[in-house]
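The values are calculated or read from the model by the stated rules, or taken from the named source; none is laboratory data. Every value quoted in this text rests on a predicted model; they were computed, and no experiment measured them. All Cβ positions, even for glycine, are placed from backbone atoms using ideal geometry, and neighbour counts span all protein chains on display.
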DNA sequence: GTCAAGATTAGT
DNA sequence: CTAATCTTGACG
């Protein structure tokens, strides 16, 4: 049994936590079954100073979780279709978060596949929306405490061998500065 | 009440 | 390249 990532891990700047999350295990328990995956791609979002962040224009009911304590989930629905999972980081009130964009399935692959359907199993968990579908994560998990080891949490794992790539974030809008920031991190494959 | 836009994805 | 699909937040 690997170690649950403690609150302290998340109580740091998103730009530190994001690359540190690469290689860690995302664990989802559903019907007593473990669905797990190794995190291979993430993006950091800051608060008031990041024009691409949902928190840029201040707190609203939807992004409230981002303004809450670290180590909790921020889950939102995008385009009326897909859910996206974030981990809140930094001191409470800073509204920083790390978007989990992709995992490499480790346990419960069959159950993940079942959720996604045969036709799309090739692209099982690459992309924030597909990842949430495979792990059955939705807005009921918004605000969920990830440090309890219940339903959804993260576990420590060895730091990856492969180099870490960084690049501008995917699919964002915002000012030039936001678009230029290389706050997407991925494990080279 | 109305309305435009969105941290995506799959299909043409 | 574009449709799908619906919640949210801004405006009034």
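Couple of notes before you dig in:
- Qualifying residue in segment A:134-141 (condition: under 16 Å from the mean Cα position of the chain (by Cα), more than 16 Å from DNA strand C (Cβ to nearest atom) and at positive phi): yes
- Single match in A:100, A:137, A:106 (criterion: touching a residue at least 24 places away in the same chain (Cβ under 8 Å), in a strand (DSSP E or B) and within 14 Å of DNA strand B (Cβ to nearest atom)): A:100
- Selection from segment A:8-25 of residues that are without any contact (Cβ under 8 Å) to a residue 60 or more places away in the chain and at positive phi: none
- Subset of segment A:67-95 [over 19 Å from residue A:26 (Cα atoms) and either buried (at least 21 other Cβ atoms within 10 Å of the Cβ) or within 10 Å of DNA strand B (Cβ to nearest atom) (or both)]: A:77, A:78, A:79, A:80, A:81, A:90, A:95
- Unmet requirement for residue A:51, which otherwise passes all of (1) touching a helix residue (DSSP H, G or I) at 6+ places or on another chain (Cβ under 7 Å); (2) assigned to a strand (DSSP E or B); (3) surrounded by fewer than 18 Cβ atoms within 10 Å (Cβ to Cβ): (2)
- Of all residues in segment A:164-177, those that are within 16 Å of residue A:41 (Cα to Cα) have Cβ atoms under 7 Å from Cβ atoms of residues that are at pLDDT below 95 and surrounded by fewer than 14 Cβ atoms within 10 Å (Cβ to Cβ), 6 or more apart or on another chain, in A:165/A:188.
- Test: residue in segment A:29-37 that is without any contact (Cβ under 8 Å) to a residue 60 or more places away in the chain, surrounded by fewer than 16 Cβ atoms within 10 Å (Cβ to Cβ) and under 28 Å from residue A:115 (Cβ atoms): yes
- Some residue of segment A:173-183 being exposed (fewer than 15 other Cβ atoms within 10 Å of the Cβ), away from DNA strand C (no atom under 16 Å from the Cβ) and under 22 Å from residue A:12 (Cβ atoms): yes
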